[in-house]
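Structure first, then comments.
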Amino acid sequence: MEYVIGLILAAAVAGFATVIGLARERSFYTTVLIVVGSYYVLFAAMGASRRTLLVESLAAGLFLLFGVLGFKKSLWFVVAGLVGHGIFDFVHHFFIDNPGVPRWWPGFCLACDVVLGVWLALRLKR
């Protein structure tokens with residue numbers, strides 16, 4: 001169910017942003033990437049150790065870097081960052097023990113991130 005909700009929410013956000021014109025701004029998907037990249041830091045602050053908080057902060061820094069590169073150079077970095085974050089969601093639990101992460105979050109965020117990344121890629125191809 002979390003995958004379905006992630007897909008629907010991503011389609012709604014991307015569709016709404018496109019219809020009202022937010023998606024025309026370089027900063028829109030860049031900001032989305034930076035925000036989604038920071039959620040695991042929030043989860044670590046809520047329920048994990050300082051070490052986990054540091055590891056999650058370093059990972060969030062990588063997505064921040066992709067967001068900045070996407071804003072300054074090419075939005076393809078944002079596409080890579082969004083899809084990369086979706087993959088990160090899928091494998092996160094194998095590498096980082098963060099008890100603050102809700103059980104349903106990885107599937108939800110994976111679906112949402114990949115849909116947004118693919119949507120942006122399709123817009124860039126046009």
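The values are calculated or read from the model by the stated rules, or taken from the named source; none is laboratory data. Values in this document were obtained by computation on a predicted structure and should not be read as measured data. Here the Cβ positions follow ideal geometry from the backbone for every residue, glycine too, while neighbour counts run over all protein chains shown. Calculation scope for accessible area: heavy atoms of the full protein, side chains included, ligands and nucleic acids excluded. Shrake-Rupley method; radii C 1.70, N 1.55, O 1.52, S 1.80 Å.
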>> Looking only at region 100-126, how many residues end up being in a loop (DSSP other than H, G, I, E, B) and touching a Phe, Trp or Tyr at 6+ places or on another chain (Cβ under 7 Å)?
In response: 2
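The rows are residues; the columns are (1) in contact (Cβ under 8 Å) with a residue 40 or more places away in the chain; (2) closer than 17 Å to CYS109 by Cα; (3) assigned to a helix (DSSP H, G or I).
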| site | (1), (2), (3) |
| --- | --- |
| THR52 | yes, no, yes |
| ALA60 | no, yes, yes |
| LEU65 | no, no, yes |
| SER74 | no, no, no |
| ALA80 | no, yes, yes |
| PHE90 | no, yes, yes |
| ASN98 | yes, yes, no |
> From SER74, SER49, which residue is at pLDDT below 95 and open to solvent by less than 80 Å² (accessible area, probe 1.4 Å)?
Replying inline: SER49
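Please determine, by comparing only the residues of region 30-46 that are out of contact with any Asp or Glu (no Cβ under 7 Å at 6 or more places or on another chain) and aromatic (Phe, Trp, Tyr), which one is surrounded by the fewest Cβ atoms within 10 Å (Cβ to Cβ). So that I can check it myself, show each step before the final result.
Our first condition is that a residue be out of contact with any Asp or Glu (no Cβ under 7 Å at 6 or more places or on another chain); within region 30-46, this holds for 30-35, 37-39, 42-43, 45-46.
Now drop any that are not aromatic (Phe, Trp, Tyr), which leaves 39, 43.
Numbers: TYR39: 17, PHE43: 19.
Taking the candidates together, the pick is TYR39.
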>> Every residue in region 1-12 that is open to solvent by less than 70 Å² (accessible area, probe 1.4 Å), touching a Gly at 6+ places or on another chain (Cβ under 8 Å) and over 9 Å from TRP104 (Cβ atoms), please.
In response: GLY6
> Any idea which residue in region 13-22 is nearest to the chain's Cα centre (by Cα), counting only those that are more than 20 Å from PRO106 (Cβ to Cβ) and assigned to a helix (DSSP H, G or I)?
Replying inline: ALA14
